[in-house]
Amino acid sequence: MRQLRFTDDARDNLVEIALYIALQSQSREIALAFVERLRAKCRHLASLPATLGTARPDLREDIRSTSSQGYVIFFRYQGDVFEVVNVLHGSRDVIGHLGE
């Protein structure tokens, strides 16, 4: 199994997602459960031996993505590390955000 790592940006994204959902739902528990499901998806992806997701050369050569619960998880493989780079809502301008 690959080691799972979240970049600082990905951690910040998850905090922002939790805050947004908590505000919208008026429930800290719902927000935390939602973010935990996103983290569980990342753990599952890291546990699989194959190269997964869709290659995203439009963003960067090493970036791949997959969707989960209306969000897009951007990640890369670095040796035995599965690194989550960002987690963004599917409606966001991804190229504007990551294509810098």
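A short reminder: the numbers here are calculations on the coordinates, not readings from a lab. Since we're looking at a predicted model, the values are computed, not measured. As a convention, Cβ positions derive from the backbone with ideal geometry for all residues, glycine included, and neighbour counts pool all protein chains shown.
The table that follows gives values for the structure above.
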read-out: Any pair with Cβ under 8 angstrom, 6 or more apart, that starts in the stretch 1-22 at a residue that is farther than 12 Å from residue 35 by Cβ and ends at one that is basic (Lys, Arg); value: 4/43
read-out: Test: residue in the stretch 8-22 that is exposed (fewer than 13 other Cβ atoms within 10 Å of the Cβ) and small (Gly, Ala, Ser); value: no
read-out: Breaking point among (1) surrounded by 14 or more Cβ atoms within 10 Å (Cβ to Cβ); (2) of a type in the set (Gly, Ala, Ser); (3) without any contact (Cβ under 8 Å) to a residue 12 or more places away in the chain, for residue 53; value: (3)
read-out: Of all residues making up the stretch 1-56, the number that are in a strand (DSSP E or B) and among the charged types (D, E, K, R); value: 1
read-out: Residues of the stretch 5-26 satisfying the condition of being within 14 Å of residue 88 (Cβ to Cβ) and touching a strand residue (DSSP E or B) at 6+ places or on another chain (Cβ under 8 Å); value: 6, 7, 9, 10, 13, 14, 17
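Residues checked against (1) surrounded by 12 or more Cβ atoms within 10 Å (Cβ to Cβ); (2) free of Cβ contacts under 8 Å to residues at least 60 places away in the same chain; (3) touching a Lys or Arg at 6+ places or on another chain (Cβ under 6 Å):
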{"site": "35", "(1), (2), (3)": "yes, yes, no"}
{"site": "38", "(1), (2), (3)": "yes, yes, no"}
{"site": "49", "(1), (2), (3)": "no, yes, no"}
{"site": "58", "(1), (2), (3)": "no, yes, no"}
{"site": "66", "(1), (2), (3)": "yes, yes, no"}
{"site": "79", "(1), (2), (3)": "no, yes, no"}
{"site": "84", "(1), (2), (3)": "yes, no, no"}
{"site": "87", "(1), (2), (3)": "yes, no, no"}
{"site": "90", "(1), (2), (3)": "no, yes, no"}
